[in-house]
1. Select from the stretch 50-83 the residues that are among the hydrophobic types (A, V, I, L, M, F, W, C) and more than 10 Å from the ligand (Cβ to nearest atom) and list them in ascending order.
2. What's the number of the only condition in (1) surrounded by fewer than 22 Cβ atoms within 10 Å (Cβ to Cβ); (2) under 27 Å from residue 287 (Cα atoms) that residue 149 fails to meet?
3. Please go through the stretch 245-264 and pick out each residue that is in a strand (DSSP E or B) and more than 34 Å from the chain's Cα centre (by Cα).
4. Tell me whether the stretch 183-201 contains one or more residues that are under 11 Å from the mean Cα position of the chain (by Cα) and farther than 25 Å from residue 120 by Cβ.
5. Enumerate the pairs (first residue in the stretch 50-68 and touching a residue at least 60 places away in the same chain (Cβ under 8 Å); second residue anywhere and within 8 Å of the ligand (Cβ to nearest atom) and assigned to a helix (DSSP H, G or I)) with beta-carbon separation below 9 Å, excluding pairs fewer than 6 apart on the same chain, so at least 6 apart or on different chains.
6. State all residues of the stretch 188-244 that are touching a residue at least 60 places away in the same chain (Cβ under 8 Å), among the small types (Gly, Ala, Ser) and either outside any helix (DSSP H, G or I) or under 17 Å from residue 43 (Cβ atoms) (or both); if no residue qualifies, say none.
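Every read-out reported here was derived from the displayed coordinates using simple, explicitly stated rules and does not represent laboratory data. Everything numeric here is computed off the predicted structure, so don't read it as measured data. Cβ coordinates were reconstructed from backbone atoms using ideal geometry, including for glycine residues, and neighbour counts include every protein chain displayed.
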Amino acid sequence: MTVTRSSRETARPGRLNGMTAINVRGLRKTYGSHHAVDGLDLDVEVGEVFALLGPNGAGKTTTVEILEGHRRRTSGEVTVLGLDPGHADRHWRARIGIVLQSTSDAADLTVHEIVRHIGGCYPNPRGAAEVIDLVGLTDKSKAKVRTLSGGQRRRLDVALGIVGRPEIVFLDEPTTGFDPEARRQFWHLIRRLSAEGSTILLTTHYLDEAEALADRLAVIADGAIVAEGTPATLGGRATAEAVVSWSGGHREHAADPVALIMRLVAEGADLTGLTVTRPTLEDTYLALIGEAR
Ligand SMILES: Nc1ncnc2c1ncn2[C@@H]1O[C@H](COP(=O)(O)OP(=O)(O)OP(=O)(O)O)[C@@H](O)[C@H]1O
């Protein structure tokens, strides 16, 4: 597949172009007779931010947990940072950062204590205060984990996922429960981690989040990838017909909207209220999911 890379790529000093961080071929996971993951192929390059989209039950978490070495696969080939996660050792685990869907426990420790404690499990951790600041929890540093709100706990989960300075970060629905400001802060954090060279694989139901963060994304339906591309090109978005509307309720579909507008100008049409729209990522996503059903 030819993939158009985003302009953000060139701005990344830590990027090692062309090296594969995640390589998946023919991944399958069955529960009884149910195929949760059904022949999934995926390549994520070192330094990429890659988003997995898909409806509830599509197989995103199952896939991510297999990549993290937290779930056994039924069949298929998987390498993450060059190793099979099913047989990986402590050294490999120290290079991986994980933010699970479930919230953290350790309710009687303070935020600072738990971050420092988990950081101590890694060879080269970030400082606890630095990580707590990165996720915007500095004013809750001395608070017990059990007193945090849902969104604050989620931020703590992110802190625990990145404290070990991981080369690759798995984030499963990281911003669920975040208020809008916290989501923006989180986006800023992801861009910063990415700029430092981390590879990031995230699942999300927020299409604006995928569009804002991802170099590439893939849509999963029924355990397989049905489309893959950049946010701009997914599902043929970049070449989809535009809808051109102008005064008097005029509306035309056009493969080349500029040519249409030039023609209208030449014809002396009243172009008050001219708009040109292409399918949004949400339109494209919903169409892909609809086709897959
Ligand atoms: N331990 C399990 N036992 C049986 N079925 C499971 C198990 N874990 C997941 N499944 C099933 O596998 C399918 C994929 O689940 P998964 O959690 O990977 O979906 P998802 O895409 O992450 O969904 P969501 O967006 O809701 O988080 C679902 O049908 C789910 O019910």
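1. Keep residues of the stretch 50-83 that are among the hydrophobic types (A, V, I, L, M, F, W, C), which gives 50-53, 58, 64, 66-67, 78, 80-81, 83.
The answer is 50, 51, 67, 78, 80, 81, 83.
2. Evaluating residue 149 over (1) surrounded by fewer than 22 Cβ atoms within 10 Å (Cβ to Cβ); (2) under 27 Å from residue 287 (Cα atoms) leaves (2) as the failure.
3. If we filter the stretch 245-264 for residues that are in a strand (DSSP E or B), which is where we start, we get 245-246, 250-254.
Once the filter is applied, which keeps residues that are in a strand (DSSP E or B) and more than 34 Å from the chain's Cα centre (by Cα), the stretch 245-264 yields 246, 250, 251, 252.
4. Taking the stretch 183-201 first, the residues under 11 Å from the mean Cα position of the chain (by Cα) are 187, 190, 199-201.
From what's left, farther than 25 Å from residue 120 by Cβ: 187, 201.
Within the stretch 183-201, one or more residues are under 11 Å from the mean Cα position of the chain (by Cα) and farther than 25 Å from residue 120 by Cβ.
5. 52/60; 52/63; 52/64; 53/60; 54/60
6. Listed by number, the residues that qualify are 197, 198, 214, 218, 221, 223, 224, 227, 229, 232.
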